[in-house]
Amino acid sequence: MFRSLTTRQLLFDILVSASCVLVRLALGVPDLAMAVVIVAMGAALGLRRANPQLALMVAWAGALLQVLTLQQPDVSNLAILPVLFATAAYGSRTVRWFGLGSAGAGALVIALYMFLQSGTLGGVCSVESTLGCLRNQIVDFTLVFGLIFVSSLVAFVLSWTLGLLGRTRRLSSESRAAQRQAELEQEEAERLAIVEQERNRIARDMHDVVAHSLAVVIAQADGARYVAKSDPGAVEEALAAISGTAREALGDVRILLGQLRHSQGVGPQPTLDDLDRLIEQMGASGLVIDSRELLRGEARDARTLPGQLGSGQQLAVFRIVQEALTNALRHGDTTQEVSLVLDWSANGLELLIDNAVAENTSELGTHGHGLAGMRERASLVGGSLVTGVQGERFVVTASIPFEPRSAELTGNEPRMAGAEVGEHE
């Protein structure tokens, strides 16, 4: 089977092979058989990298033709060395071992042929000196044959060994390149994962800011439109609320855009201290909110419990409450009270937000970004979140622990109990 070579490699092999053949033929050949041998050796030289197996076969064919036609050793026979090199460097496992076997067999054939061509055994021993003559001929045979065989074997095996070393070096280089490529791909995958996480974080923040602000603006605008004629003063209050909400949203959006543009650190983020402002804002938009804060068990003696939550946990609590109240304003029955309970315990904070379901509940079955964002926020701080319809009320229950759960320490994703029944956003 032919190996795939670059155009440069292919042209180089063809040029070297053709040049060697033409130069040797130009020096003259005794007969046609020798010309065929020279061409065969040149062809083997040109094929050595593209098809080492075929090159070895062509070289053997040329060598056997040279022996059978009793040709003298020729400089073209040196092509056997790069062919043996190629069998070890580029050939399959079978071709490699055939190449090594050819080195031994070729050395044996060359030694015998050259010994016979030398005429060392041409003398005839007389009867009187038979033993001495035979001894001398054996010594001559051993010296000449041994010298030719060993030198040929060393040259052939050395060429084959150099090819094997080249193969090992090439495979090692390819292995290092593949490993480096794998490392680069892993680094790229990690970079993309970080980018995706950051994109999801910004998408959650953008959704929380924009969805909440637009819900407030829509509620205030609708209220102002309804009372425009009967209570002009209420219109002014509604417009002021719209203006304030829009300015606040614009500031939050500018912070997010600044993070995108300059990769700067996170700006000031809402904390638990901002919940009162959020409740007041949502109340001004038409929601009737019953907000309660409970202390249970050991938490009764901890007057600064909210401070035990980190900034990321406090942000998660704020955004969950914000999204739940925004959904209640957009999709719930605003004529009924919304319940918000912050239940502190020794382990953390339990959030319970529930609102009456509006008569038109078709949107509860849709799957948007709001509740998914709440679940992600709770999960990222080691908590959990469950949503669902219970009777005629939509309930959001979130658990935010003071310390990360053991699942996070072992690398497992926090699991959320319960099943979600429908989503507001």
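Structural remarks
- Residue match in the stretch 263-281 (condition: in contact with a strand residue (DSSP E or B) (Cβ under 7 Å, 6 or more places away or on another chain), assigned by TED's automatic domain parsing to the domain that holds Leu340 and at pLDDT below 75): no
- So Val67, is it more than 52 Å from the chain's Cα centre (by Cα), surrounded by 15 or more Cβ atoms within 10 Å (Cβ to Cβ) and modelled with pLDDT of 85 or more: yes
- When Met1, Met34, Met41, Met57 are checked against the criterion of being of a type outside the set (Phe, Trp, Tyr) and not assigned by TED's automatic domain parsing to the domain that holds Gly166, a single residue qualifies: Met1.
- Count of the stretch 204-221 residues which are at pLDDT below 75 and over 17 Å from Ala324 (Cα atoms): 1
- Test: residue in the stretch 25-41 that is under 48 Å from the mean Cα position of the chain (by Cα), in contact (Cβ under 8 Å) with a residue 24 or more places away in the chain, assigned to a helix (DSSP H, G or I) and under 10 Å from Ser76 (Cβ atoms): yes
- Flag for Thr87 being touching a Leu at 6+ places or on another chain (Cβ under 7 Å) and in contact (Cβ under 8 Å) with a residue 24 or more places away in the chain: yes
The values are calculated or read from the model by the stated rules, or taken from the named source; none is laboratory data. These numbers were taken from a predicted model, which means no experiment stands behind them. Glycine also receives a Cβ, built like all others from the backbone with ideal geometry; neighbour counts cover every protein chain displayed.
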